[in-house]
Amino acid sequence: MTRLTDHKTLGIAYANTSGVFMVVGFLLMLLFRWQLAWPGQPIPIATAIFGETNAPGGILLPEFYYQLVAMHGSVMIFLAVVPMAVGALGSYFVPLQIGAPGLAFPRLGAAGYLLYLAAGLLMAASFVLPGGAANSGWTSYPPLAILASSGQTVWLVGILMLGVSSMLGAISLLATIVAYRAPGLTLMRLPFFVWSQAMTALLLLLAFPALQAAAVFQLMDRVAGTSFFLPSGLAVSNTPLAVSGGGNPLLWQHLFWFLAHPEVYVLILPAMGVVAEVITAHARRTLWRYGLMVGAVVALGAWSMVVWAHHMLLTGMSTTLSSFFQITTMAVSVPSVILITSLVVTLWGGAIRYTTAMCFALAFLPMFGLGGVTGLPLGLGPSNLILHDTYYVIGHFHYLVAPGTMFALFAAVYHWFPKVTGRRLDERLGLVHFLGSFVTMNAVFLPMFLMGIMGVNRRMYDAGLQYQLAEPTLVWNPHMTWSAVALGVFQLVFVVNMVWSAKRGVPAENPWQATTLEWATSSPPPAGNFAVPPVVTGAPYRYEEGQA
Amino acid sequence: MTPGVDARRTRAADAGTWLFLASLVMFYASLYSGYVLLRAGSETWTTPWLARPILWKIQPFVVSNTLWLVLAFVNTRQWRLAAASGAPRSIGVWLPTMAASGVALAWTGAADAMLKAGSGPAASVAAASWFVLTGALALGVLGGGLVATWWAWRDRRSETPVHALRQLQRYWGLMLVVWFSIVVGMYFV
């Protein structure tokens, strides 16, 4: 606890823990991708690892398959990507970028991390419960989730703990930005990364309580016999449920998506911030229309809270309500386009250095663009009718989060590794990592758009073996699975690079000649961050003034 | 500690409190909107709940809860004013603690009455809403009570800073607003 009160230790703790959860989430994906590629074929040694109850004869049972899918989503979103993007990068770099000696509430930050760790361990341990882990998807829709095994209860408790953890971390980060900025560092002189982190923290702070409230309702339904989400007359296998009824399953969807849609922006905004930092430093250019970008990131965060029901267009909502959410959904793309356009225009006339960090940042732009553009048909009722619940949806949000946010996170690691360790990552290994990841990620996710357009449902245990419409797509699944395996192999290159470079990499203080404040101190930064408290006299990006 | 550092900490604590309160508002508003949505969509839940006999049995809870919360708010304000003027604190600083205990006790009593009358959480969505909304409030009040107790203990040597008491007062203000919303929405509408 004492050491965790240092924001740098806290950031590294978040990075390590979320990294481990990322590996867990990835392995879960490999398991169910095997089932999709070769439905009903035994996985070697699966019985030895998962037992006869989950994988008799090495074949994954449907119940276990759905646990893997639900926990893959939950682990990747709640335990891996968000803590990496906000907990790790935010805790480590925001105080440095604003010239602060640390976080405003270091003990709150540490408590937030410990709660996150406990929630993660609890959710992961639910696999050993009778009935296994949660298996109702990461969305946990009732009534299915209420009737699910005890793993769902653990999932809900975990979500409640993660909500408190997010709140503590967000308060600590935002109060630091408000009160601990260096003299002269006005709001419009903040690095764009800080703005993106501030908006992310605000979203977590204001949107997560809705999911916590929903979790309380669902916990009550599961353990106290209430019927918040159970309608009257509900029967399971022709047997009426012994509950009072009178509830509404759509209430869960409203509360869930009130968090879960802004959660997409929680994943994207820090990525935008990272890409802005990397592009400016590696193209030697000032951020194009900084003020406009700040406005766009604020608008994007605020607007993201009024679009949630586009996930529910097919639930029978009124035309008026449906029209409202379709319009807000189309409108939310405006600030996104502003951000992407500004980042692209920043490159114009720049002295671009194609470092690994820059390659990942540049790759983020079209990948995020593809993820964003493919979201538009999902936000419109008529096309949503066709594409809803198909692999198209999976392709869409994975392009935002996997080659989107993940590429930005990789860019952040390559860019800031010298700041954390005082040494550079090896660029040759980095290039192998980048090219391998770029090709394999696209090989995994691109076919999903076609599968979705052909009507293949996203939730089928056998990949659609029983349906004629899915037949042409079945041959793609083995290729996608092998691509996922190859993706994992390329991440091993990344891990080897980090381990090797941390000890033997080329020593570097500020290899990119970046001008933001975190580079104004030694690498790694000392306790208290700055030997002399910095005073800010100008904008964060000064690459065209001969000051770099 | 330099005055600059002190001012920074006060500013951070102020910002942190507002953010915490905003998050709490969203939590209680989400619970409340769940109640509103369920009630508005129900065909059998049109009778004002006040007309139900069980409600009369828990009237003391409503009255005492309101009084305790007003007391906690007013007393914290007095405590803050005393701290600001450097006046010696009295036994009154313990009143928020007592108020929180009072709310918790009153809630336990009301919940007990509900259970004995066969209106437990599983009986109906109306009863379940009552348990969740008032239970969440009681937990919030208990949390405020714990903080007040800690600060009252520290305050034996007049150590609790004025800005901290201002934040506690805001917290009790929020609890009051939540409580009045529950009373109006659940008992009178």
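The values are calculated or read from the model by the stated rules, or taken from the named source; none is laboratory data. Values in this document were obtained by computation on a predicted structure and should not be read as measured data. Neighbour counts are summed over all protein chains in view; Cβ atoms, including those assigned to glycine, are modelled from backbone coordinates with ideal geometry.
Every test in (1) surrounded by fewer than 24 Cβ atoms within 10 Å (Cβ to Cβ); (2) within 14 Å of chain B (Cβ to nearest Cβ) is passed by A:GLY112 save one, and that test is (1). Tell me yes or no: at least one residue of the range A:218-226 is more than 8 Å from chain B (Cβ to nearest Cβ), over 23 Å from A:MET293 (Cα atoms), in contact with a helix residue (DSSP H, G or I) (Cβ under 6 Å, 6 or more places away or on another chain) and surrounded by fewer than 22 Cβ atoms within 10 Å (Cβ to Cβ). Taking every residue of the range A:218-226 in turn, at least one turns out to be more than 8 Å from chain B (Cβ to nearest Cβ), over 23 Å from A:MET293 (Cα atoms), in contact with a helix residue (DSSP H, G or I) (Cβ under 6 Å, 6 or more places away or on another chain) and surrounded by fewer than 22 Cβ atoms within 10 Å (Cβ to Cβ). Residues that are surrounded by 24 or more Cβ atoms within 10 Å (Cβ to Cβ), within 14 Å of chain B (Cβ to nearest Cβ) and in a helix (DSSP H, G or I) do not occur anywhere in the range A:99-106.
Evaluate the range A:472-492: report whether one residue or more is in a loop (DSSP other than H, G, I, E, B) and surrounded by fewer than 20 Cβ atoms within 10 Å (Cβ to Cβ).
yes
Of the candidates A:ILE59, A:ILE12, A:ILE45, A:ILE49, the single residue that is surrounded by fewer than 22 Cβ atoms within 10 Å (Cβ to Cβ) and on the phi > 0 side of the Ramachandran plot is A:ILE45.
Yes/no matrix, rows are residues, columns are (1) at pLDDT below 95; (2) in a helix (DSSP H, G or I); (3) not aliphatic (A, V, I, L, M):
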{"position": "A:LEU321", "(1), (2), (3)": "yes, yes, no"}
{"position": "A:SER342", "(1), (2), (3)": "no, yes, yes"}
{"position": "A:GLY349", "(1), (2), (3)": "yes, no, yes"}
{"position": "A:ALA357", "(1), (2), (3)": "no, yes, no"}
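When A:GLY291 is tested against (1) touching a residue at least 24 places away in the same chain (Cβ under 8 Å); (2) surrounded by fewer than 18 Cβ atoms within 10 Å (Cβ to Cβ); (3) assigned to a loop (DSSP other than H, G, I, E, B), exactly one condition is not met: (3). Considering the conditions (1) surrounded by fewer than 24 Cβ atoms within 10 Å (Cβ to Cβ); (2) part of a loop (DSSP other than H, G, I, E, B); (3) not basic (Lys, Arg), A:PHE229 is excluded by exactly one of them, (1). Can you name the residue in the range A:425-473 that is touching a Cys at 6+ places or on another chain (Cβ under 9 Å) and of a type in the set (A, V, I, L, M, F, W, C) and is also nearest to A:ARG504 (Cα to Cα) among such residues? By that ranking, first place goes to A:LEU431. Within the range A:141-170, the residues that satisfy the criterion of being within 30 Å of A:PRO240 (Cβ to Cβ), β-branched (Val, Ile, Thr) and out of contact with any Lys or Arg (no Cβ under 6 Å at 6 or more places or on another chain) are A:VAL154, A:VAL157, A:ILE159. Would you confirm, using the coordinates I've provided, whether B:GLY120 is farther than 14 Å from B:THR17 by Cβ and in a loop (DSSP other than H, G, I, E, B)? Criteria met by B:GLY120. Pairing residues of the range B:145-169 that are aromatic (Phe, Trp, Tyr) with residues that are buried (at least 16 other Cβ atoms within 10 Å of the Cβ) and assigned to a helix (DSSP H, G or I), at Cβ distances under 9 Å and at least 6 apart in sequence or on separate chains, gives B:TRP151/B:TRP79; B:TRP151/B:VAL93; B:TRP151/B:PRO96; B:TRP151/B:ALA164; B:TRP151/B:LEU165; B:TRP151/B:LEU168. Against the conditions (1) under 26 Å from B:VAL25 (Cα atoms); (2) crowded, with 17+ Cβ neighbours inside 10 Å; (3) more than 12 Å from chain A (Cβ to nearest Cβ); (4) touching a Phe, Trp or Tyr at 6+ places or on another chain (Cβ under 9 Å), B:SER101 satisfies every one except (2). Of the residues B:ALA72, B:ALA40, the single one that is at pLDDT 85 or above and over 19 Å from the mean Cα position of the chain (by Cα) is B:ALA40.
A Cβ distance below 8 Å, combined with a sequence gap of six or more or placement on separate chains, defines the contacts here; from the range B:13-28, residues that are more than 7 Å from chain A (Cβ to nearest Cβ) reach residues that are assigned to a helix (DSSP H, G or I) and among the polar types (S, T, N, Q) in the pairs B:ALA13/B:GLN167; B:ASP14/B:GLN167; B:THR17/B:GLN167; B:TYR28/B:SER181. Determine whether the range B:129-147 contains at least one residue that is surrounded by fewer than 16 Cβ atoms within 10 Å (Cβ to Cβ) and either over 16 Å from the mean Cα position of the chain (by Cα) or more than 14 Å from chain A (Cβ to nearest Cβ) (or both). Yes, the range B:129-147 has at least one match.
Entry remark, the range A:170-208: residues being among the hydroxyl-bearing types (Ser, Thr, Tyr), farther than 14 Å from A:VAL82 by Cα and buried (at least 24 other Cβ atoms within 10 Å of the Cβ) number 2 in total. Condition test on B:TRP49, is it touching a Leu at 6+ places or on another chain (Cβ under 9 Å), at pLDDT below 90, surrounded by fewer than 20 Cβ atoms within 10 Å (Cβ to Cβ) and facing chain A (nearest Cβ under 10 Å)? Answer is no for this residue. Of all residues in the range B:84-112, those that are over 14 Å from B:LEU69 (Cα atoms), hydrophobic (A, V, I, L, M, F, W, C) and modelled with pLDDT under 85 total 3.
Remark: pairs (first residue in the range A:166-193, facing another protein chain (nearest Cβ under 9 Å); second residue of a type in the set (Lys, Arg); Cβ separation under 8 Å; 6+ apart in sequence or on different chains) = A:VAL178/B:ARG11; A:ALA179/B:ARG8; A:ALA179/B:ARG9; A:ALA179/B:ARG11; A:TYR180/B:ARG8. Kindly indicate whether B:THR66 is away from every other protein chain (no Cβ under 14 Å), surrounded by fewer than 21 Cβ atoms within 10 Å (Cβ to Cβ) and under 11 Å from the mean Cα position of the chain (by Cα). Criteria met by B:THR66. Just to verify a result, which residue in the range B:69-95, among those that are within 17 Å of B:LEU146 (Cβ to Cβ) and among the polar types (S, T, N, Q), is surrounded by the most Cβ atoms within 10 Å (Cβ to Cβ)? Ranking the qualifying residues of the range B:69-95, first place goes to B:THR76.
Looking at the range A:234-251, is at least one residue small (Gly, Ala, Ser), more than 16 Å from A:MET312 (Cα to Cα) and more than 10 Å from chain B (Cβ to nearest Cβ)?
At the first step, the residues of the range A:234-251 found to be small (Gly, Ala, Ser) are A:235, A:237, A:242, A:244-247.
Narrowing the set further to residues that are more than 16 Å from A:MET312 (Cα to Cα) leaves A:235, A:237, A:242, A:244-247.
Checking the rest, the ones that are also more than 10 Å from chain B (Cβ to nearest Cβ) come to A:235, A:237.
Checked the range A:234-251: at least one residue is small (Gly, Ala, Ser), more than 16 Å from A:MET312 (Cα to Cα) and more than 10 Å from chain B (Cβ to nearest Cβ).
Each residue in the range A:177-191 was checked for being part of a helix (DSSP H, G or I) and more than 20 Å from A:GLY528 (Cα to Cα), and 3 pass.
The residues in the range A:120-160 that are under 19 Å from A:TYR461 (Cα atoms) and either in a loop (DSSP other than H, G, I, E, B) or of a type in the set (Asp, Glu) (or both) can be counted, and the count is 12.
Of all the residues in the range B:104-128, those that are within 14 Å of chain A (Cβ to nearest Cβ), within 24 Å of B:LEU146 (Cα to Cα) and buried (at least 23 other Cβ atoms within 10 Å of the Cβ) number 0.
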